[in-house]
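Everything on this sheet refers to the single structure shown next.
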Amino acid sequence: MPYFMMLISLFAADSAIKCWIEKTDNVSEFQVRTVFRGVAIKRYHNRGAMMNLGENRQQLVAMLSVVFSAFVTGSFAATLCRRGKRMLKTGLALILGGAYSNTYDRLRRKYVVDYITFPKLGSIVFNLSDFGIIIGAILLSISELLSGGQD
């Protein structure tokens, strides 16, 4: 149950922030507003996948996003009945929370709303789901390394 709550919480929080970013006039695509030291918000519509790859093939990117989400959902469902494996389950829950949110955007809006940037590192813009996917992938990798790839 905690894994479902983590997945749903990430999806809900990111969706709420995306909704706020889209509705507010205080954040634009051309304006970067610093919120913390080295962290800023900026509205960005990513019409492709990571770093706008495939922006000219939006339907393909959306379809791949659905397929990837379905595959990870199956993997997540298969691990839920296993004892232990907390790091693996946490990683999959974070990946799915992020994947569902970004896939929902791709299907509904035809772009993913990104809003977190680190100006000193360049012009790449992220969202909360992206961080969930990244952290989840790291946890998944660590889990596999620690288990030696064995069940």
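The values are calculated or read from the model by the stated rules, or taken from the named source; none is laboratory data. This is a predicted model, so every value here is computed, not measured. Counting neighbours? That spans all protein chains shown, and the Cβs are built from the backbone with ideal geometry, glycine included. Only protein heavy atoms, including side chains, enter the accessible area calculation; ligands, DNA and RNA are left aside. Shrake-Rupley method; radii C 1.70, N 1.55, O 1.52, S 1.80 Å.
Quick one: would you say S69 is in a helix (DSSP H, G or I), in contact (Cβ under 8 Å) with a residue 12 or more places away in the chain and under 30 Å from S147 (Cβ atoms)? Spell out how you get there, then give the answer.
Details: in a helix (DSSP H, G or I): yes; in contact (Cβ under 8 Å) with a residue 12 or more places away in the chain: yes; under 30 Å from S147 (Cβ atoms): yes.
Answer is yes for this residue.
Say we look at region 1-16 and pick out the residues that are in contact with a helix residue (DSSP H, G or I) (Cβ under 6 Å, 6 or more places away or on another chain) and open to solvent by 50 Å² or more (accessible area, probe 1.4 Å); which of these is nearest to A77 (Cα to Cα)?
Looking at the filtered set, the residue picked out is M6.
Given the options V67, V61, name the one that is open to solvent by less than 90 Å² (accessible area, probe 1.4 Å), under 23 Å from R109 (Cα atoms) and out of contact with any Asp or Glu (no Cβ under 9 Å at 6 or more places or on another chain). Before you say what the answer is, go through the steps one by one.
On the way: V61 fails: out of contact with any Asp or Glu (no Cβ under 9 Å at 6 or more places or on another chain).
Checking each option against the conditions leaves just V67.
So V67 fits all but one of (1) touching a helix residue (DSSP H, G or I) at 6+ places or on another chain (Cβ under 8 Å); (2) at pLDDT 95 or above; (3) more than 24 Å from V27 (Cβ to Cβ); what number is the exception?
Answer for V67: the failing condition is (1).
I'd like the residue in region 21-40 that is closer than 19 Å to F131 by Cα and either assigned to a loop (DSSP other than H, G, I, E, B) or open to solvent by 30 Å² or more (accessible area, probe 1.4 Å) (or both) and, out of all such residues, is modelled with the highest pLDDT. Even if it seems obvious, please write down each step before you answer.
In the first step, residues of region 21-40 are kept if they are closer than 19 Å to F131 by Cα; the result is 21, 34-40.
Checking which are either assigned to a loop (DSSP other than H, G, I, E, B) or open to solvent by 30 Å² or more (accessible area, probe 1.4 Å) (or both) leaves us with 34-39.
Working: T34: 81, V35: 83, F36: 86, R37: 87, G38: 89, V39: 93.
Filtering region 21-40 for residues that are closer than 19 Å to F131 by Cα and either assigned to a loop (DSSP other than H, G, I, E, B) or open to solvent by 30 Å² or more (accessible area, probe 1.4 Å) (or both), the one modelled with the highest pLDDT comes out as V39.
Only one of D105, D14 is of a type in the set (D, E), out of contact with any strand residue (DSSP E or B) (no Cβ under 6 Å at 6 or more places or on another chain), within 23 Å of L140 (Cβ to Cβ) and in contact (Cβ under 8 Å) with a residue 12 or more places away in the chain. Can you tell me which?
Values: D105 fails: out of contact with any strand residue (DSSP E or B) (no Cβ under 6 Å at 6 or more places or on another chain).
After applying the criteria, what remains is D14.
Just give me the residues in region 126-151 being more than 22 Å from F11 (Cβ to Cβ) and either part of a helix (DSSP H, G or I) or at pLDDT 95 or above (or both), in sequence order. Don't jump to the end; show me each part of the working.
The initial filter retains those residues of region 126-151 that are more than 22 Å from F11 (Cβ to Cβ), namely 141-142, 144-151.
Result: S141, I142, E144, L145, L146, S147.
Would you mind finding the one in L7, L107, L80 that is under 18 Å from I134 (Cα atoms) and either aliphatic (A, V, I, L, M) or more than 15 Å from the chain's Cα centre (by Cα) (or both)? Explain how you work it out, then say what you get.
Details: L107 fails: under 18 Å from I134 (Cα atoms); L80 fails: under 18 Å from I134 (Cα atoms).
Among L7, L107, L80, only L7 is under 18 Å from I134 (Cα atoms) and either aliphatic (A, V, I, L, M) or more than 15 Å from the chain's Cα centre (by Cα) (or both).
Of everything in region 127-147, what is more than 18 Å from K89 (Cβ to Cβ) and either surrounded by fewer than 18 Cβ atoms within 10 Å (Cβ to Cβ) or more than 9 Å from the chain's Cα centre (by Cα) (or both)? Give them in sequence order.
The answer is F131, and nothing else.
Kindly evaluate L96 against the criterion of being within 22 Å of A70 (Cβ to Cβ), in contact with a Leu (Cβ under 7 Å, 6 or more places away or on another chain) and open to solvent by 10 Å² or more (accessible area, probe 1.4 Å). Can you show your working first?
Values: within 22 Å of A70 (Cβ to Cβ): yes; in contact with a Leu (Cβ under 7 Å, 6 or more places away or on another chain): yes; open to solvent by 10 Å² or more (accessible area, probe 1.4 Å): no.
Considered against the rule, which asks whether it is within 22 Å of A70 (Cβ to Cβ), in contact with a Leu (Cβ under 7 Å, 6 or more places away or on another chain) and open to solvent by 10 Å² or more (accessible area, probe 1.4 Å), L96 comes out as no.
Using the structure shown, decide if R47 is surrounded by fewer than 18 Cβ atoms within 10 Å (Cβ to Cβ), in contact with a His (Cβ under 9 Å, 6 or more places away or on another chain), over 30 Å from L146 (Cβ atoms) and not small (G, A, S).
No: the conditions fail for R47.
Of the residues that sit in region 106-125 and are more than 20 Å from A12 (Cα to Cα) and among the hydrophobic types (A, V, I, L, M, F, W, C), which one is surrounded by the fewest Cβ atoms within 10 Å (Cβ to Cβ)? First the steps, then the outcome.
Step one: filter region 106-125 for residues more than 20 Å from A12 (Cα to Cα), giving 117-124.
Checking which are among the hydrophobic types (A, V, I, L, M, F, W, C) leaves us with 118, 121, 124.
Working: F118: 13, L121: 8, I124: 14.
Checked region 106-125; the qualifying residue surrounded by the fewest Cβ atoms within 10 Å (Cβ to Cβ) is L121.
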